[in-house]
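A quick write-up on the structure given underneath.
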Amino acid sequence: MTPTRFLPRLISAALLFVASVLSAQTPTLPAKDKFHLFLLVGQSNMAGRGAVTPDDKIPAPRILMLNKAGEWVPAVDPMHFDKPAAGVGLGRTFAAVVAEASPGVTIGLIPCAVGGSPIDTWKPGMLFEETNSYPWDDTIRRAKVALEAGTLRGILWHQGESDTKPELAQSYGPKMRDVVVRLRAELNAPNVPFVLGQLGKFEGAPWSALQILVDQAHRDLVTAVPLAAFVSAEGLKDKGDKLHFTADSYREFGRRYAEAFLKLERAR
């Protein structure tokens, strides 16, 4: 008989095997109008830095993602590939809530976040040396690949930690509005909902005046541009670094993003 102490390892290995088989399968894409796409953009808290479990590797019905190679595959974590630290983020939970509210629709996630990227790198032609990537250019390229198969229904944004510096925070608001305008224009989606999340408010790490400035810019965005929503991070926990959320907090954040998006949809 198999010793009891080995059972958790065997179960975990079995789940990972099943997940790898399922995720390797090429999905059949739905009709374009039934394939609702969401752009995941920003920096590391959109990419996700939560600890990955075997359950996070199991594909969910009607939820796909565009992988690094530009192929549609079942959505599993980590979805992003910006840095080796990529882990659980808010995307899968967001998609699950929206899928449940949208029978007959498949959700397609387009991971494009880049950890550490300040808002000035979210412009055409701008190189982010830390990852040797072009956040804006890469995002537009991947989004246009995705749009060949589906319809853009929302843009999810979480970014701003890298802009809480004296030389950056004061000008963050106008730059944030410019990003929204340019994304909608470039993707020919003037009325697509834009949902952005609050910076982490973690116990034992009181905000500086610069963080408050960036937070106010996020809050002001919802009145500066149409069809935008601000999502509170109140009560969410950090993973110990006072910067990134825990996996469970990312999942809760995903639910909050989904609720904000669905509210915008109902109001249209």
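Within segment 94-130, being closer than 25 Å to residue 176 by Cα and either at pLDDT below 95 or charged (D, E, K, R) (or both) holds for 120, 123, 129, 130. Screening residue 29 against (1) outside any strand (DSSP E or B); (2) at pLDDT 95 or above; (3) touching a helix residue (DSSP H, G or I) at 6+ places or on another chain (Cβ under 7 Å) leaves a single unmet condition, (3).
Any residue that is over 24 Å from residue 88 (Cβ atoms), small (Gly, Ala, Ser) and over 17 Å from the mean Cα position of the chain (by Cα) - is there at least one of those in segment 129-149? Within segment 129-149, one or more residues are over 24 Å from residue 88 (Cβ atoms), small (Gly, Ala, Ser) and over 17 Å from the mean Cα position of the chain (by Cα). Scanning segment 55-81 for residues that are assigned to a helix (DSSP H, G or I) and open to solvent by less than 60 Å² (accessible area, probe 1.4 Å) yields one hit, 56. Does segment 246-264 include one or more residues that are part of a loop (DSSP other than H, G, I, E, B) and in contact (Cβ under 8 Å) with a residue 24 or more places away in the chain? Within segment 246-264 (the criterion being part of a loop (DSSP other than H, G, I, E, B) and in contact (Cβ under 8 Å) with a residue 24 or more places away in the chain), the answer is yes, since at least one residue qualifies.
Per-residue answers, yes or no, for (1) at negative phi; (2) in contact with a Leu (Cβ under 8 Å, 6 or more places away or on another chain); (3) among the charged types (D, E, K, R):
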site	(1), (2), (3)
217	yes, no, no
222	yes, no, no
231	yes, yes, no
235	no, no, no
240	no, no, no
254	yes, yes, no
258	yes, no, no
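Evaluating residue 134 against the criteria (1) open to solvent by 70 Å² or more (accessible area, probe 1.4 Å); (2) over 20 Å from residue 67 (Cβ atoms) leaves one unmet condition, (2). Just need a number here: residues in segment 97-113 that are touching a residue at least 60 places away in the same chain (Cβ under 8 Å) and in a helix (DSSP H, G or I). Looking only at that region, the number is 2.
Taking the criterion of being of a type in the set (Phe, Trp, Tyr), open to solvent by less than 50 Å² (accessible area, probe 1.4 Å) and in contact with a helix residue (DSSP H, G or I) (Cβ under 9 Å, 6 or more places away or on another chain), the residues of segment 168-212 that qualify are 172, 194. Scanning segment 222-245 for residues that are assigned to a loop (DSSP other than H, G, I, E, B) and in contact (Cβ under 8 Å) with a residue 24 or more places away in the chain gives 225, 226, 227, 232, 233, 234, 236, 237, 239, 242, 243, 244.
Among the residues making up segment 213-240, those that are over 23 Å from residue 92 (Cα atoms) and surrounded by fewer than 19 Cβ atoms within 10 Å (Cβ to Cβ) are 216, 219, 220, 222, 223, 224, 225, 226.
Set side by side, the residues 98, 52, 41, 88 differ, and just one is open to solvent by 30 Å² or more (accessible area, probe 1.4 Å) and of a type in the set (A, V, I, L, M, F, W, C), which is 52.
The values are calculated or read from the model by the stated rules, or taken from the named source; none is laboratory data. Fair warning: this is a prediction, and the values are worked out from it, not measured in the lab. We place every Cβ from the backbone using ideal geometry, glycine too, and count neighbours over all the protein chains shown. When the accessible area is computed, the model is the full protein with side chains, heavy atoms only, and any ligands, DNA or RNA have been set aside. Shrake-Rupley method; radii C 1.70, N 1.55, O 1.52, S 1.80 Å.
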